[in-house]
C-alpha cells in the first residue's frame, strides 16, 4: 500500500507518539560512570589496567550507539592507593558529579572505607576485584572471584596431584587470614593435614626463616597467599634456596602477573586458579586480547581484574537496557530476575541475585619452568554459593555487612 | 588592651579578673596578629565561612567539613613542633587510637541520648592520656632531638602492625570487631538528641557548622594558652632548653604537657574523622599517614598557630585539588612544593605570607 | 653433625638479618651520622641503584659490574641533589626531613610515570647449597660477607685515607677545616654522594632478590633509620653493633614466634634501647672509651 501525503503525516504522528511513549532514556544525556582506581602508589601495578579495560568497554559500547542510545561518559579519579581518597572521591562522585554507577576499589580496605558512603547516598558500586568474600550489601555488585570459587577447585586438585600435607603462607590481614581459613576447611574436608601456617605482615620482604620452616616441615605443596610487591620477593628467595615444592595460589599470577615480572624459574611449578588471564586460548579470549592491545599497545598485562571490569561495564549496559532506566531499584529488580548473564572473554558469567556476586569459569593455570602458562583443568560455571547458603539474600533484605566463615550472617 | 607582658603583680592584682586576664592573652608575643585590623579580618573570615553554605552545594560543604577535621591534628603538631620544638611522628598514633576508641564505644552503647558526644570526650581523653604516657616515657627519660621522632614513629608503626592483623573474630571489644586491615566500620556519626528526632551529623551543613564552631573555640583557646606563661615557657624550651632549666622550670613537665595536649588534639581529629566517615583503619597510622601532618604544618607554617591553622587547610585542599585535576602529576607537584617551601620559605608559606603582609602594612603606615 | 647443622642455620639467619641491616643503613649512617641530615629519600637512592643494576644486568653486564654501575648512578644523583637542595640545609636538620620527603615523592612518582609500575629484574645468581635437610641460598652468604667487607672498607676509607680524615674533620669542625684550606663544600658534596652511592649499592645487592617497583625503597627505610638512630652518631662504634643487636632480636623473634613478633619486637626494642641509652649505642660505648 502506498502512503499518501496525508497517510505519511499520520504515520509520522504515530511513530512520534510511539517514540515519546518509550522510556525516556534517549533524551537524558550521557550515562556517567565514576571510576575510582589506584593509578599511583603501591597498588598501581595491578590496577592501571582496570581503567584501560573500562575505557575499552566504553569505547566499544559508544561506537555501537551507547547504552540505549545514550553515550557513556567516564569520570575518573586517581585514588593514589590511599583509603582516605576513596572516601573523599566516593563522596564527590556521588554528591557532586552525580554519576549513575561507580567502579571502585582494589584492596578490601578501600572497599570497606567507601561502603558506608555508598550506603548513605544509595550509590551503586561495582567491585571488580577478587577478595576474601562475604560482602552482603545491595549497593555493591561484585564481579571479583571469591574463595569458594578459587579454593574449592584448587585445593582438592592439588591434594590429589601432590599429596595431603599442606603448608600455608598468607599475608597477615583479613584477605590472607580468611583465605587461610578457607584452605584449612577444605583441606580438612578432603582428609589432608595442615603441616604449617605462617602469617606474614604486609611489607615484609625477607623470608629466610620462613624458607627454613617450610624445608623442615613435611609439606607436599605450599599455598602462597602473598600480597604486595614486598611479599612477592618470597618467590625469588625460595627459588634461590631451592625449596622445590609446588605452589598453589589464588592471588598471584592472575592479578600481579608475577610470571612476567620475575625471572624464571622462580615461579616454576605454581598452580593458580583464576577467572581470566591473557594466556587463555579461547576464541573469545584471543579476540578480547587483540582488541585490548589494539587500543593499548603498551599494556604490560591483561589480568583478571581487567577482564572483570570489562565484563562489569557490559553487565551494567545489559541491566540498564532491560530496566529501561538507570534507577538503582529498577536495576536491582532486573538482577533479582536471576538471568543477567554475559558472554565475555572468560566465557559465560552470570550474576547471582541473592549475593550480587558473579559466577565464574575457573581456569587452573600452571606456570612452567620458563614461566609459560598451560591450563591442565577448567571448571565451568562455579557459583559464589557461600553467601547464599549462609543466609544472605539481598532480594529480601539488606544487612550492608561483610561476613566471614567464622562470622556468618545471623540465623534468620 | 595593654600589650605589656603579664607580670606576677598584674596577675595577683585583685581588680584584674581572671576572665579579662585570659582575654588579654588572645594577643601576645607568641602569636601573630594583633590589633583591630587583624581581629576584624578574622571576624570577617568566620562570617564568610558561616555564610558559605548558602552559596555552595552539599558536596563542597561536606568536603570543607572534612578539611576542618584535620586541622586539630595540625594545630596539635604546631604546638608540639612549632612551639615546643619537638618533632613528633606520633600524631597519627593518637589519631588512630582515638578513632578506634570512638568506634568501640559507640558500637557498644549506641547513639541515643547524645552518647556519641560522651564517646567523643572519652576518646579524646584516651588519646590524650596515651600521649601523656608516651611523653612521660620520653621526656623523663631525657630523650631528645631526632630520637623523639624515631620513638614516636616506632610507636605508631607498632600500633599499625598490631592492628592490621586483628582480623579474626576473636579480636573484639564487646560488640565491636576490630577487623584488622579492612578497618572498623558501622559506628554511628555524631548524633544530637532532639525532641522531634535525633539530628545525625553526616557529612553536610550541620556537621560543617559544628566543626566550624569547634575550630574557632579551639583556635581562640590555644591562642590564650600560648600567650600565657605556659606558652612562654614552651618557647623558651624550644629556643634553649638548658637556659630554661637553669631558670628553674622543669622542662620535662612542660614538654610532657605540651605533648599530651598535642596528642589530645590529634585524638580529636581521629574521633571526628571516624564519625565523619564511619570508618577507621590501621593505615591511618602508617608511615605515609604519619608524615602527612608534618608536611602540612611545615608548608603552612609551624611557628605560629594562625599560620598552622590556615596553612594546613590550604595545603590539604590544595593537595586534593591537585589529585583531582593533576592526575598522575599530583604527587610530583606536591614533592616539588615541599622542596620549594623548605628552600624559599622555611617558616612555612602562610607564615611567610602573613609576615610579608604585616611588614607591607607597617611600611605603608609610615 | 646435626648440631653443626643447627648452629649453621642459626648463624645463617643471624647473618642474613645482620647483612640486611648493615647494607641498607650504611648510606644513611654516613649521611645522618656524619652530616646530621635526615635523608627520607634514602629509599629512593636504593631504588635508583636497584633499577640501574637490573637494567645493566639485563643489558648483559655481569652482576658485580652491574651493581657497581647502580652504586655509581646513585652516587651521581646524590651529588646533584646535594648541590641543588641539601647544601642549604646543613644547619636545619628538621627541614631536611621535609625536603628529602619531597624529593622522595618526586622520585617515586617520576619513576612510575617514566618506567611504569614495575620493572623486570635479574635473577639471583649462584644457586643454593644443601646442608642436612635444608638448603641455603649461596647469594645470601655472599651478602653477609659483603656486609663485613663493607664495614671494613668504610673503616679504611674514613680512618686511613686522606679523604676520610679530611671528611671527618670537616664534619666535626667545619670552620677549622676551612681555615686549614679544605674546600668544605666539595667535601660535603662528596660525602653525601658517598652516602647515596652506598644506598645505591644496597639496592644493587638486593635487586636480584626482590621485586622492582618504584616504591621498593619503603621496605628498607624504617629498618635503616632505626639501626642508624639506635647506633647513634658514629657509624662504626654505633651502627655496626646496633645492627648486630637488632639482627639478633629480629632473627630470634621471627624464628620463635613468627614474622609479626619479629616486626613488632624490632620496633619495641628500638624504643627500649633509646630510652635506656638516649645517646644511642655509640654515646653509651664512647663513655667507656674515656
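Values in this text are rule-based calculations from the coordinates and carry no lab data. Being a predicted model, the structure only gives us computed values, none of them experimental. Reconstructed Cβ throughout: ideal geometry from the backbone, glycine too, with neighbour counts over all protein chains shown.
Taking the longest Cα principal axis of chain B as reference, the axis of helix B:115-139 is set at about 60 degrees. Put simply, the C-alpha atoms of segment A:148-249 give a gyration tensor, and the ellipsoid matching it has half-axes of 21, 16, 11 Å, longest first. Neighbouring Cβ atoms from other chains, within 10 Å of the Cβ of residues in C:113-126, number 5 on average. The long axis of helix B:58-77 is offset from the longest Cα principal axis of chain B by roughly 60 degrees. Here A:242, A:172, C:2 are placed in order of increasing Cβ neighbour count within 10 Å, fewest first, which gives C:2, A:242, A:172. Label sites at residue C:268 and residue C:173, each approximated as a point 7 angstrom past Cα along Cα to Cβ, lie 4.6 nm apart. With chain C treated as a Gaussian network of Cα nodes joined by springs under 10 Å, which of C:225, C:163, C:14 yields the largest mean-square fluctuation? Sorting by GNM fluctuation, first place goes to C:163. Taking only Cα atoms, what is the 0 to 90° angle, nearest 10, from helix B:287-300's long axis to the longest principal axis of chain B? Value to nearest ten degrees: 30.
Taken along the Cα-to-beta-carbon direction at a fixed 7 Å, the label points for residue A:379 and residue B:230 span 6.3 nm. Taking a ≥ b ≥ c as the square roots of the Cα gyration tensor eigenvalues, segment B:107-158 comes out prolate, since a/c reaches at least 1.5 and a/b is larger than b/c. Sorting A:70-83, C:30-43, A:97-110, B:235-248 by average packing, meaning the other beta carbons within 10 Å per residue, from highest down gives C:30-43, A:97-110, A:70-83, B:235-248. The mean count of C-beta atoms from other chains within 10 Å of the C-beta of residues in A:256-266, rounded to a whole number, is 3.
Residue ranges C:185-196, B:137-148 sort as C:185-196, B:137-148 when ordered by packing (mean number of other C-beta atoms within 10 Å per residue, highest first). For segment C:2-289, relative contact order (Cα pairs under 8 Å, six or more residues apart, normalised by length) works out to 33 percent. For chain C, modelled as a GNM whose springs connect Cα atoms under 10 angstrom apart, the maximal fluctuation among C:175, C:199, C:56 occurs at C:175. Ellipticity at 222 nm from helices only: DSSP H runs of n ≥ 4 in chain B, each -39500 (n - 2.57), divided by the residue count, give -22500 deg cm²/dmol. For the peptides A:329-341, B:90-102, A:220-232, B:34-46, residues were scored by their other Cβ atoms within 10 Å and the scores averaged per peptide; the highest-first order is B:90-102, A:220-232, A:329-341, B:34-46.
Ranking of A:210, C:53 by neighbouring Cβ atoms within 10 Å, starting from the fewest: A:210, C:53. Modelled label positions at residue A:389 and residue C:138, each set 7 Å beyond Cα in the direction of Cβ, lie 5.0 nm from each other.
As a calculated quantity, the FRET efficiency between residue C:145 and residue A:188 at R0 = 51 Å, using C-beta atoms, amounts to about 0.65. Fully extending the segment from residue C:129 to residue C:11, taken as 0.36 nm per residue of separation minus the present Cα-Cα distance, adds 41.0 nm. Note on segment C:2-289: Cα convex hull, mean projected area over all directions, 16.4 nm².
Take each residue in A:400-409, count the other chain C-beta atoms within 10 Å of its C-beta, and the mean is 2.
Need one word for chain A: rounded, prolate or oblate. Basis is the Cα gyration tensor (sqrt eigenvalues a ≥ b ≥ c); a/c below 1.5 gives rounded, then a/b vs b/c decides. Prolate, since a/c reaches 1.5 and a/b exceeds b/c. Take every pair of alpha-carbon atoms less than 8 Å apart whose residues are at least six positions apart; their mean separation over the length of segment A:254-412 yields a relative contact order of 25 percent. Going from the residue with the fewest nearby Cβ atoms within 10 Å to the one with the most, B:359, A:115, B:25, C:87 rank B:359, C:87, B:25, A:115.
Which whole-number percent gives the relative contact order of chain A, counting Cα pairs below 8 Å spaced six or more residues apart? Relative contact order for chain A comes out at 17 percent. Overall shape: oblate for the protein assembly as shown, with the ratio a/c of the largest to smallest alpha carbon gyration tensor axis at 1.5 or above and b/c at least equal to a/b.
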